[in-house]
Structure formats: C-alpha cells, structure tokens
Amino acid sequence: LLGYVGFANLPNQVHRKSVKKGFEFTAMVVGESGLGKSTLVNTLFNTQLYPPKENVELTHETPQTVEVKSITSDIEENGVKLRLTVVDTPGFGDFVNNEESWKPILDSIESRCDAYLEQENRVNRRKLVDNRIHACLYFISPTGHALKPLDIEFMRRLHTRVNLIPVIAKADTLTEEEVAAFKERILADINYHNIQIYQAPAYEYDDEETIAENREIMSKIPFAVVGSDKEFEVEGRRVRGRSYPWGVIEVDNEEHCDFVKLRQMLIRTHMEELKEYTNDVLYENYRTEKLAAMGI
Ligand code: GDP
Ligand code: MG
C-alpha cells in the first residue's frame, strides 16, 4: 500500500510506551554529492501522503567544509505520532582532498552524544532532549565494482560510533545481476576491512513470522535504493518511480528495489532496536571512553 508506514500497528508490548508518547527517530545520510541522498530523504518523508503537520527547520551546526543540516517532520498515522529527523551532510567527498571528510560528520555525531551526556549529568534529568543519530545511511556509488578508499575510510572511522547501514545509491542504473554481484562484493570488502555494519540481534522469544521478516530485511543489506519525487501511471496505478524507455522503475515495488525494506527497517521493524543499540552500546562506549580520557 503506497504511503503506509505501519509504525502505528506495532504489536509488541515493548513499544506500548512509545506508542503513547510518540516515536522520535533521527537518521543521517552520508555519501558523495549526486548519489541521490536528498531525493531519498524526500521519498522517505513523502511516505505519508498527507502529513497533518510538518515543520522543516534547517540548522547549520558546523562551520567546517562538510555541512550538517537537519530536517524534522512530524508524521501521524492512526493517531500515533512519529517525529522523524533526517540529518543531511552535503559536501562529503566533494573536495580536492577528501582525507578528512569523515571528521565533521564524526564531530557532529559525538557532539550530539556530548549534549546528551551533559543533560544526564544535570540535577534535573526529567526531560532529556535526544539528538543522537540512531542510524547512518551510507550511500555507495553504483559503480558495480568495489568500495572506494573514501567509503572504507568513512566506515572505518564511524563504525564504533553509529549504526552504519550501507545502501547502493541509484540502483536503477544497475541490472538485477549487477546489483546482486555488487552486494556480494561490498559485503566482502566490509568484512575484509573489519567494518561493523548494523546487525539486528535475533531474539528467541520472537515468533516465527517476526524472525522470518527480520531475516528477510537483513538479507537485503546493502539496500539497493531508488529515490524519486515523480509519479507515473502504470497499468492504471499511480506509482512513484523513474521512467525509462522500457518502463518505470517503481520505488515502492519490492521487485524493483529495496526502498520499502529499508523504510520498514528504519521506521517499523528496527526503530526501537536501533535506538536501544545506540543508547546501550554505542553511546555507553563513547561515554566510558570520554570519562576515562578525563581521568574520571
Ligand atoms: P545528493 O547530492 O546526494 O543529495 O543527490 P540528489 O538527491 O540531489 O540527486 C542528484 C541527481 O540524481 C538528481 O538529478 C536526481 O534526480 C538524481 N537521482 C536521485 N535519486 C536517483 C535514483 O535513485 N536513480 C537515478 N537514476 N537518479 C537519481
Ligand atoms: Mg543533497
């Protein structure tokens, strides 16, 4: 169903509190210019055909070469609220010397942790504002070959600080066979360089259906994504996609790309999980290192 997210239907007890309070989730997109980051973010926000309330705010946090901008949008579904923030990082990889392109991004991730840590240390800790990044989508150029040194460097520098989710950008420019082979190659490279990408834990108390769904989602990583803000008519259906002389590649069609699976993972099946891992493992490690460095 086009435009249906499904976060309102989370059946699990774990999610009940979140359902009442509303969900908050912050994702970041990183990758070279022109790989379709902005388009994919729009495609993601477009998910809700008629968002009742939307506030878009732009913040410039770092004066460095790579900019860090965030867009927040409140979406509502069946009375359940989701405040989704996407942090964009224009400029990454755009310079003559990109050796330190990862640095402003790491700085932003860490300063968000610092802001959280600072609040935790306050006497009144009732209302913590959490701007930590829960997932970082890393856009890989659809070359069909291998990861570039820039990709490897970024992931190596960031993997202990954020949930890394690699995606193959503009997957419509590759054939199905090329996508499959490229995915294998990317995973082999990631493995070779000991890069830790996000991996969902399997719970024995999950029912079979949930386990199968999670396994299916995880098997798509790196997600081959296609973004578009255009709609086309295909056999009487309105679809979002990209038009080619031989037909339309549909964004929301799982036969055509992994966009739906990525969206499901981020804002339905793994949202709480990504937040928990961010808080319990990534943030906790950062905090411990930071306090140790301060001699506490
Ligand atoms: P950004 O620099 O990473 O934010 O990239 P943009 O979202 O601005 O997209 C750059 C160009 O690529 C634009 O002309 C988009 O229309 C096009 N584009 C975006 N997503 C896709 C995609 O999935 N497939 C193809 N073929 N083109 C895309
Ligand atoms: Mg952009």
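Descriptive notes on the structure:
- Looking only at residues in segment 201-232 that are touching a Ser or Thr at 6+ places or on another chain (Cβ under 9 Å) and over 19 Å from ASP252 (Cβ atoms), the one that is surrounded by the fewest Cβ atoms within 10 Å (Cβ to Cβ) is TYR203.
- Residue match in segment 151-161 (condition: touching a Lys or Arg at 6+ places or on another chain (Cβ under 8 Å) and among the polar types (S, T, N, Q)): no
- The listed residue being surrounded by fewer than 20 Cβ atoms within 10 Å (Cβ to Cβ), out of contact with any Leu (no Cβ under 6 Å at 6 or more places or on another chain) and closer than 19 Å to GLN199 by Cβ, out of GLU235, GLU284, GLU255: GLU284
- Filter result (hydroxyl-bearing (Ser, Thr, Tyr), modelled with pLDDT of 90 or more and either out of contact with any Phe, Trp or Tyr (no Cβ under 8 Å at 6 or more places or on another chain) or farther than 18 Å from ASN163 by Cβ (or both)) within segment 189-226: TYR192, SER219
- Those strands (runs of 3 or more DSSP E) of segment 1-107 in which at least 1 residues are basic (Lys, Arg), away from ligand 1 (no atom under 16 Å from the Cβ) and modelled with pLDDT of 60 or more, considering only elements entirely within it, cover 80-88.
- Evaluation of ARG125 against (1) in contact (Cβ under 8 Å) with a residue 12 or more places away in the chain; (2) assigned to a loop (DSSP other than H, G, I, E, B) (one fails), failing number: (1)
- Filter pass, ASN163 being under 22 Å from LEU40 (Cβ atoms) and crowded, with 21+ Cβ neighbours inside 10 Å: yes
- For ARG132: the one exception among (1) within 14 Å of ligand 1 (Cβ to nearest atom); (2) in contact with a Phe, Trp or Tyr (Cβ under 8 Å, 6 or more places away or on another chain); (3) among the charged types (D, E, K, R): (1)
- The set of residues in segment 117-156 being more than 18 Å from ILE168 (Cα to Cα), buried (at least 16 other Cβ atoms within 10 Å of the Cβ) and either of a type in the set (Lys, Arg) or in contact with a Gly (Cβ under 6 Å, 6 or more places away or on another chain) (or both) consists of ARG132 alone.
The values are calculated or read from the model by the stated rules, or taken from the named source; none is laboratory data. Model, not experiment: these values are computed from the prediction. Cβ sites come from the backbone with ideal geometry, for glycine too, and all protein chains shown count toward neighbours.
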